[in-house]
């Protein structure tokens with residue numbers, strides 16, 4: 001029971017779901033049409049996971065402001081997108097796989113991860129008025 005609560009409360013289910021879908025839908029005929037979505041949803045899910053998990057690490061990190069929590073979620077999604085592409089590069093280099101085709105494809109993957117992360121941040125901003133910066137009244 002604690003495991004299910006942990007999965008729900010931390011949002012770890014989101015990146016796990018993306019990884020499972022990536023493996024299930026990963027085939028030659030499906031790769032190109034859905035590759036952009038895999039990277040977009042990866043950025044989306046990892047940022048969500050970070051957002052949901054940050055309250056659980058405040059005893060080590062200290063409390064974050066709402067804007068700091070949002071910035072951390074954004075930066076972690078961008079970092080995850082970048083590290084994923086570095087992993088693909090290392091796989092191609094040392095394991096002789098052929099995951100990355102060219103620089104354009106790699107950059108498109110990174111941009112789609114960034115767009116997914118940005119979508120998460122935008123939705124969080126829209127759904128939570130406390131996150132929006134207040135403008136002083138004159």
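The values are calculated or read from the model by the stated rules, or taken from the named source; none is laboratory data. Because the structure is a prediction, the values reported are computed rather than measured. Because the Cβ atoms are built from the backbone with ideal geometry, glycine has one as well, and the counts that use them run over all protein chains shown.
The table below lists the values:
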| read-out | value |
| --- | --- |
| Check on residue 3, more than 24 Å from residue 131 (Cα to Cα), surrounded by fewer than 14 Cβ atoms within 10 Å (Cβ to Cβ) and at pLDDT 90 or above | no |
| Extreme residue, surrounded by the most Cβ atoms within 10 Å (Cβ to Cβ), among residues of the stretch 19-36 that are modelled with pLDDT of 85 or more and out of contact with any helix residue (DSSP H, G or I) (no Cβ under 8 Å at 6 or more places or on another chain) | 19 |
| Cβ pairs under 6 Å, 6+ apart, first in the stretch 7-22 and over 10 Å from residue 45 (Cβ atoms), second surrounded by 13 or more Cβ atoms within 10 Å (Cβ to Cβ) | 7/13; 10/52; 10/53; 22/38 |
| Residue within the stretch 93-108 that is closer than 30 Å to residue 9 by Cβ and surrounded by fewer than 20 Cβ atoms within 10 Å (Cβ to Cβ) present | no |
| The stretch 45-65: number of residues that are in contact with a helix residue (DSSP H, G or I) (Cβ under 7 Å, 6 or more places away or on another chain) and either over 19 Å from residue 17 (Cα atoms) or surrounded by fewer than 13 Cβ atoms within 10 Å (Cβ to Cβ) (or both) | 3 |
| Lone qualifier among 68, 42, 116 - being within 19 Å of residue 11 (Cβ to Cβ), at pLDDT below 95 and surrounded by 18 or more Cβ atoms within 10 Å (Cβ to Cβ) | 42 |
| Criterion (surrounded by fewer than 16 Cβ atoms within 10 Å (Cβ to Cβ) and either modelled with pLDDT of 95 or more or touching a strand residue (DSSP E or B) at 6+ places or on another chain (Cβ under 8 Å) (or both)) met by exactly one of 75, 126 | 75 |
